[in-house]
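Report on the following structure.
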Amino acid sequence: MLNINNLKASIGDKDILKGVSLSINKGEVHALMGPNGSGKSTLAYVLSGKDKYEVNEGTVDFKGKNLLNMNVEERANNGLFLAFQYPMEIPGVQTSFFLRTAINAKRKFNNLPELDALEFAKLLKLKAQELNINSDMLKRDLNVDYSGGEKKKQEILQLSMLNPDLAILDETDSGLDIDALRIVSEGVNKARNKENSFLVITHYQRLLNYIKPDFVHIIADGKIVKSGDYSLALELEDQGYEKMAKA
């Protein structure tokens, strides 16, 4: 699914990623953990094609294609999804309209017929109910005046509707209370299957109590310094980043 080899990236004159290598296969969930400034979000931004980040070395293969040669739209339409730590507000664009436009753009790119209004409405109602999202929220402008929990639920609704091949969750647990965390995690777990993959980026082990990863990686100073199974997250919670990074 995704193969990252010796990826080095910078923003301005600051080197952030200093040789990241990581492989994610179909059906796998990987967690990436690390302290502030370690390169977690930078990796997510580079993979999604965010402006201002420069790749200096390395390769990224996604589904047999060179991801770094794709623009942002091509990455999304090829099945890459990023759930932001701080979802953007878009005044004047109704949430349901945004979702329908995104879905049909992806379907058109993949030579599939667009969903008509009725088909879309049925799908949206089903997915929103699964995430306990009130229909009134879908009529509001995208993320405008949403609570932090509502914004994260809306991101997971996008994930559920778009059904990407690889979903990157960039600190989705940030700012969530325990009820919202559970709802968001349940949405992710329902989306998991043998054909898709997830990269879950987080500071804390608590999210991984709900979304059990197959593999856990610790990143420090722009490099992955340790990898293991779920027990590594528990070990990290007990010992802390500083000690683990030196181990």
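Using only DSSP helix segments of four residues or longer, with each worth -39500 (n - 2.57), what per-residue ellipticity at 222 nm results for the chain after dividing by its residue count and rounding to 500?
Helix contribution divided over all residues of the chain: -11000 deg cm²/dmol.
Once you've got the GNM for the chain with C-alpha springs shorter than 10 Å, pick whichever of Ser174, Ser135, Ser38 has the biggest mean-square fluctuation.
The residue with the greatest mean-square fluctuation here is Ser135.
Are there any trypsin sites (Lys or Arg not before Pro) in the range 1-81 that are in a DSSP loop and have at most 11 other Cβ atoms within 10 Å? List them by number.
Taking the range 1-81 and a limit of 11 other Cβ atoms within 10 Å, the loop trypsin sites (Lys or Arg not before Pro) found are Lys52.
Multiplying the sequence separation of Ser147 and Lys14 by 0.36 nm and subtracting their Cα-Cα distance, what value in nm do you get?
44.5 nm
Just flag the GluC sites (Glu not before Pro) in the range 100-195 sitting in loop per DSSP whose Cβ has no more than 16 other Cβ atoms within 10 Å.
In loop regions of the range 100-195 (DSSP not H, G, I, E or B), the sparsely surrounded GluC sites (Glu not before Pro) are Glu114, Glu195.
Hand me the trypsin sites (Lys or Arg not before Pro) from the range 142-235 located in a DSSP loop with no more than 10 other Cβ atoms within 10 Å, in residue order please.
Qualifying residues, ordered by number: Lys194.
With only Lys, Arg, Asp and Glu charged, each at its Cβ (+1 for the first two, -1 for the last two), find how big the charge dipole of the chain is about the Cα centre; round to the nearest 20 debye.
Dipole magnitude for the chain comes out near 440 debye.
Calculate how steeply helix 95-109 sits against the longest principal axis of the alpha-carbon atoms of the chain, using the helix alpha-carbon long axis, and give the answer as 0 to 90 degrees to the nearest 10.
On a 0 to 90 degree scale, this one is about 70.
Quick one: Karplus J couplings for the range 117-130, per residue in order, coefficients 6.51, -1.76, 1.60, θ = phi - 60°, nearest Hz, x for Gly and Pro?
4, 5, 4, 5, 4, 5, 5, 5, 4, 4, 5, 5, 5, 4
Compute the Cα gyration tensor for the range 67-157, then decide on rounded, prolate or oblate, letting a ≥ b ≥ c be the square roots of its eigenvalues: rounded whenever a/c is under 1.5, prolate when a/b is larger than b/c in the other cases, and oblate in all that remain.
Since a/c reaches 1.5 but b/c is at least a/b, the shape of the range 67-157 is classed as oblate.
I want to check the label-to-label distance for Thr59 and Ser135. Put each point 7 Å from Cα in the C-beta direction and report it in nm to one decimal.
Distance between label points: 5.1 nm.
Between Ala117 and Glu237, what is the label-to-label distance in nm when each label sits 7 Å out along the Cα-to-Cβ direction?
Taking the simple label geometry, Ala117 and Glu237 are separated by 4.9 nm.
What FRET efficiency would be calculated for the residue pair Lys125, Gln94, taking the C-beta separation as r and a Förster radius of 22 Å, to the nearest 0.05?
Efficiency, from the Cβ-Cβ distance: 0.90.
Using a Gaussian network model of the chain whose springs link C-alpha atoms within less than 10 Å, name the residue from Asp177, Asp15, Asp136 with the highest mean-square fluctuation.
Asp136
Most fluctuating residue of Asp13, Asp170, Asp145 in a GNM of the chain with Cα springs under 10 Å: which is it?
Answer for the Gaussian network model of the chain: Asp13.
All of the numbers you see were taken from the coordinates with simple rules; none came from a lab. Computed from a predicted structure; not experimentally measured. In this analysis, Cβ positions are derived from the backbone assuming ideal geometry, glycine residues included, and neighbour counts consider all displayed protein chains.
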